[in-house]
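Everything on this sheet refers to the single structure shown next.
The values are calculated or read from the model by the stated rules, or taken from the named source; none is laboratory data. Please read these numbers as outputs of a predicted model, since none were measured by experiment. Methodologically, a virtual Cβ is constructed for each residue, glycine included, from the backbone with ideal geometry; neighbour enumeration extends over all protein chains shown.
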Amino acid sequence: MFIRIVLSFLFIFAGATKAYDPSEFAREIARYQLVPWTVSVLGAIYLPWLEMLTGILLLLKRFERGALLIVTVLLLVFSGALASAMVRGLNIDCGCFGRAFAATGTLTPLIRNLVLLTCASVVWVDGQQPPQNEG
């Protein structure tokens, strides 16, 4: 399914851009003012690799349901952090794609995450459908 492939590549790309510069990603996490610096650093080291692995597993359809669950949880957590930043009046870049793209603030990434959550739900529902037999 096309949507599953798009989600896969998006998570692989997002993880790779953050893994390239974990110190910058740690600073982006810290700007949300939700966790202590130590947790920001640990997240900056761990999250990009989780995103890449999850994207790869989703792409290869290995442990697809588990990978899709992780994608969904990550999108919910990221959306919650973005919404929290907006409510608190923080005007920060989401840090979603490292330095690959120009700063987009918080609203655009939040909308993008909601669209991606919708895409993930389509993949969830599609995975519940029994395979079609031809013939």
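Key figures for this structure:
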{"quantity": "Residues within region 103-118 that are in a helix (DSSP H, G or I) and surrounded by fewer than 15 Cβ atoms within 10 Å (Cβ to Cβ), tallied", "calculated": "6"}
{"quantity": "Evaluation of residue 83 against (1) under 16 Å from the mean Cα position of the chain (by Cα); (2) at pLDDT 90 or above; (3) under 21 Å from residue 12 (Cα atoms) (one fails), failing number", "calculated": "(3)"}
{"quantity": "Among the residues listed as 25, 63, 13, the single one being more than 18 Å from residue 104 (Cβ to Cβ), of a type in the set (Phe, Trp, Tyr) and either within 13 Å of the chain's Cα centre (by Cα) or at pLDDT below 95 (or both)", "calculated": "63"}
{"quantity": "Among the candidates 97, 78, residue that is in a helix (DSSP H, G or I), of a type in the set (A, V, I, L, M, F, W, C), at pLDDT below 95 and under 11 Å from the mean Cα position of the chain (by Cα)", "calculated": "78"}
{"quantity": "Criterion violated by residue 100 - all others in (1) among the small types (Gly, Ala, Ser); (2) in contact (Cβ under 8 Å) with a residue 24 or more places away in the chain; (3) crowded, with 20+ Cβ neighbours inside 10 Å; (4) touching a Ser or Thr at 6+ places or on another chain (Cβ under 9 Å) satisfied", "calculated": "(3)"}
{"quantity": "Residue count for region 44-96, restricted to those that are touching a residue at least 60 places away in the same chain (Cβ under 8 Å) and basic (Lys, Arg)", "calculated": "1"}
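Rundown of residues vs (1) closer than 20 Å to residue 75 by Cβ; (2) at pLDDT 95 or above, yes/no style:
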site: 18; (1), (2): yes, no
site: 36; (1), (2): no, yes
site: 41; (1), (2): no, yes
site: 48; (1), (2): yes, yes
site: 56; (1), (2): yes, yes
